[in-house]
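Nothing in this text is a laboratory measurement; each read-out follows from the coordinates by a stated rule. Predicted, not measured: the structure shown is a model, and the values here were computed from it. Cβ coordinates were reconstructed from backbone atoms using ideal geometry, including for glycine residues, and neighbour counts include every protein chain displayed.
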Amino acid sequence: MNAGERMLVVLCCSLVLAAINLARSETKVAQAQQNTSRVYLGFDANDYPGDSALPDLRKTFTFSGYWLNAPPGAKTNLWTGKRDALIKNGFGFLLLFNGRLSQDLKPPVDPSDLGARDAERAVAAAQRDGFPANESVVIYLDMEEGGRMLPSQINYMESWTAGVNSKGFLAGVYCSGIKAKEGKDQTITSAEDIHQRLPMIRAFFVYNDECPPSPGCVIWKNPPLPSQSGFSGARVWQFAQSPRRRNLTSRCSATYRPDGNCYSPVGPGAAHILLDLDVSMSADPSTLGFGSIH
């Protein structure tokens, strides 16, 4: 090998080493960025926990669900008028409006008309409790049923979304991130289906309490990202429910209390409150953009 050939070999080796070092550097930067991403724990509950429980809950949780109408299975809404108490204790918000089940959208009901009227109710309730119509506040429509949405459900959500967006708020949705079987060797999640068919929905609050990916009723010091919920576009992930769903949580049953529920780990004032556990990249998941809704 002459001097020119040796020089060429040395040059090629140098270029290879430089490429390897660059790749390692980029990997380290990406890992550092992921590790420094702040993730926040929150909770939601059908029953308002009470003013006296908020200080203890705030020791663990950064944001709280906030129902604008009666939660699923309830006849009244105990959250009404509690915005100031939550602000006083430093909570961010996860605004929720209980939507309609598929059985409520059957003929002679007009799903689009009902969606428009429910949008008016959601906006009125948010404004009544002091949430501003400043085009940055997200209201999440609670759609409890999983799998692919029926045409009536899509029509309802589309009309609801248009109504909420037209009144100075932003429409989000609470839906399933759990895979549902659809035909031979095919699956679909509600989140994927809604995202594809209703692109005007801006924010997704995804529930997936199946273990895995959920670890169960665990209070993380370093929680994973909401994108690990089963839907990469999730803004919020509900990873545990009270009571636990036994068909989905057998692998993490030991993380729940013997009665099958989740409770706050801190303070006697909150020890009796049934909680669903959430994680978000935002301390105030009902705010998109800058600032907060306080």
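Structure notes:
Yes/no matrix, rows are residues, columns are (1) part of a strand (DSSP E or B); (2) closer than 20 Å to residue 45 by Cβ:
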| position | (1), (2) |
| --- | --- |
| 178 | no, no |
| 205 | yes, yes |
| 218 | no, yes |
| 232 | no, no |
| 266 | no, yes |
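- Of all residues making up segment 88-122, the number that are over 20 Å from the mean Cα position of the chain (by Cα) and not small (Gly, Ala, Ser): 17
- Any hit, segment 142-154, residues being in contact with a Leu (Cβ under 9 Å, 6 or more places away or on another chain), surrounded by 15 or more Cβ atoms within 10 Å (Cβ to Cβ), within 16 Å of residue 79 (Cβ to Cβ) and in contact (Cβ under 8 Å) with a residue 40 or more places away in the chain: yes
- Subset of segment 73-94 [over 18 Å from residue 41 (Cβ atoms) and either surrounded by fewer than 16 Cβ atoms within 10 Å (Cβ to Cβ) or out of contact with any Asp or Glu (no Cβ under 9 Å at 6 or more places or on another chain) (or both)]: 73, 74, 75, 76, 77, 81, 84, 85, 87, 88
- Filter result (closer than 16 Å to residue 275 by Cα and either over 23 Å from the mean Cα position of the chain (by Cα) or outside any loop (DSSP other than H, G, I, E, B) (or both)) within segment 66-85: 66, 67
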